[in-house]
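Participant: Encoded as structure tokens, here's the structure I'll be asking about.
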Ligand code: EPU
């Protein structure tokens, strides 16, 4: 049964909202995807392509088809003495893929350990953490156009990657389904340990190597970020805003300890989590929705009974406080459906 009707998405969104979709399908290859999209029951329906459900907030039940590509293969497509080209299916759990690369001794995505979601979603918002972004290692993204059902292959440049952004969130939004992603990884390499906290964590683990760096990243993430299996969340709820230097300078004059990163000559990035924390939100709860105790950028389904609206109301209050205190309008990172 390729298409299921009136299907609960509770286990397919990491907020664990108990919401339903009219139709659901998790096809395992390109042929099945085309078969589902050609089915007469759904040709006029709204369509939503779901990855790991770790970056979406459903406001209510979904009227239409939720399609979750479940392509699971990992293939080495080319290699030489130093490098390896790997193609991974869209449905593979991102962290399983990272674990596999580390086991093989392939360098490149170890800093992206434990990010929730699937391989197919990783290019959409150009996932990043601890000094590495997935755009650094993606060589090609393969998929199918939803209107013509024709295949496409985009090289890295054509994906127009930037901070938490790509062509798949802009001109191609809702127009494609990603089926696999190709990565260029290396058989030896430099480990990226400059992000604050990594070196300290590594000291407790002994030798600096690929497996220990993965372990260090996992330890850091587990100490700051809640496990969605235990408490529903979507990681960073907001993006870190990029602001004009003049605005950043005023903030730094008032808060000399404010963390900030240079983006260009005239722009700086100020962590939204820090601003939300300064506004006193860390650990606060309103009804069923809350702000995580260890990382104010993360909103949580505190009681397990929250609905999309509960989280959105809390988010609105947080946006207002940050605007009042810092004069900055922060934007959501999560995809609201
Ligand atoms: N900070 C606070 N209070 C907080 C949270 C942060 O003062 O409640 C301060 C920290 O002390 C630090 C700075 O803000 O000085 C930055 O915090 P952190 O290193 O935790 O990173 P972030 O900017 O809040 C980003 C990504 C995360 C990623 C981390 C590590 C975004 C929107 N988020 O968070 O990504 O794991 O860096 O690289 O860019 C995700 O996208 O789901 C995610 C978790």
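Participant: Compare the peptides 96-107, 32-43 by average per-residue count of other Cβ atoms within 10 angstrom and give them in order, highest first.
Facilitator: Values: 96-107: 18.2, 32-43: 15.1.
Output ranking for 96-107, 32-43: 96-107, 32-43.
Participant: Here's something else I'd like to know. Would you mind telling me which residue in 266, 156, 233 has the biggest mean-square fluctuation in a Gaussian network model of the chain, where springs connect alpha carbons within a distance under 10 angstrom?
Facilitator: Residue with maximal mean-square fluctuation among 266, 156, 233: 266.
Participant: Using alpha-carbon positions, what is the distance between the centroids of the range 109-161 and the range 1-48, in Å?
Facilitator: Going from one Cα centre to the other spans 22 Å.
Participant: Now a separate question. When you count, for each residue, the other Cβ atoms within 10 Å and take the mean per peptide, how do 250-262, 163-175, 60-72, 112-124 rank with the highest first?
Facilitator: Working: 250-262: 13.1, 163-175: 15.7, 60-72: 19.3, 112-124: 24.9.
The peptides rank, most packed first, as 112-124, 60-72, 163-175, 250-262.
Participant: Let a ≥ b ≥ c be the square roots of the eigenvalues of the Cα gyration tensor of the range 232-336; is it rounded (a/c under 1.5), or, if not, prolate (a/b larger than b/c) or oblate? Mind dumping the intermediate values first?
Facilitator: Numbers: a/c = 2.39, a/b = 2.04, b/c = 1.17.
Note, shape of the range 232-336 comes out prolate.
Participant: Under the rule a/c < 1.5 gives rounded, and otherwise a/b versus b/c splits prolate from oblate, where does the chain land using the Cα gyration tensor? Mind dumping the intermediate values first?
Facilitator: Details: a/c = 1.68, a/b = 1.15, b/c = 1.46.
Cα axes put the chain in the oblate bin.
Participant: Can you pull the one-decimal nm distance between simple spin-label points at residue 79 and residue 324, each 7 Å off the Cα toward Cβ?
Facilitator: 5.8 nm
Participant: Alpha carbon centre of the range 310-337 versus the range 201-259: separation in Å?
Facilitator: 19 Å
Participant: Restricting the count to DSSP beta bridges whose residues both fall in the chain, what percent are antiparallel, rounded to a multiple of 5? Write down the numbers at each step before the final one.
Facilitator: On the way: 47 of 56 bridges.
Here the antiparallel bridges make up roughly 85 percent for the chain.
Participant: For the range 1-116, what is the Kirkwood estimate of the hydrodynamic radius, computed as the reciprocal of the mean inverse distance between distinct Cα atoms, to one decimal in Å? Walk me through the numbers on the way to the answer.
Facilitator: On the way: mean 1/r = 0.0630 Å⁻¹.
Computed over Cα pairs of the range 1-116, the Kirkwood hydrodynamic radius comes out at 15.9 Å.
Participant: Set the Förster distance to 30 Å, then compute FRET efficiency between residue 218 and residue 266 from the Cβ-Cβ distance, nearest 0.05. Walk me through the intermediate numbers first.
Facilitator: Values: r = 37 Å, r/R0 = 1.22.
My answer for the efficiency is 0.25.
Participant: Take the Cβ-Cβ distance between residue 155 and residue 252 as r, set R0 to 56 Å, and report the resulting FRET efficiency rounded to the nearest 0.05. Each step should come with its number before you reach the end.
Facilitator: Details: r = 39 Å, r/R0 = 0.71.
In this case the efficiency is close to 0.90.
Participant: Starting from the 7 Å offset along Cα-to-Cβ, what nm value, one decimal, do you get for the label separation of residue 100 and residue 331?
Facilitator: Reported label-point gap for residue 100 and residue 331 is 3.3 nm.
Computed from the coordinates by the stated procedures, all read-outs in this text should not be read as laboratory data. On a predicted model such as this, the values are computed, not experimentally measured, just so you know. Please note: Cβ atoms are built from the backbone with ideal geometry, for glycine as well, and neighbour counts cover all protein chains shown.
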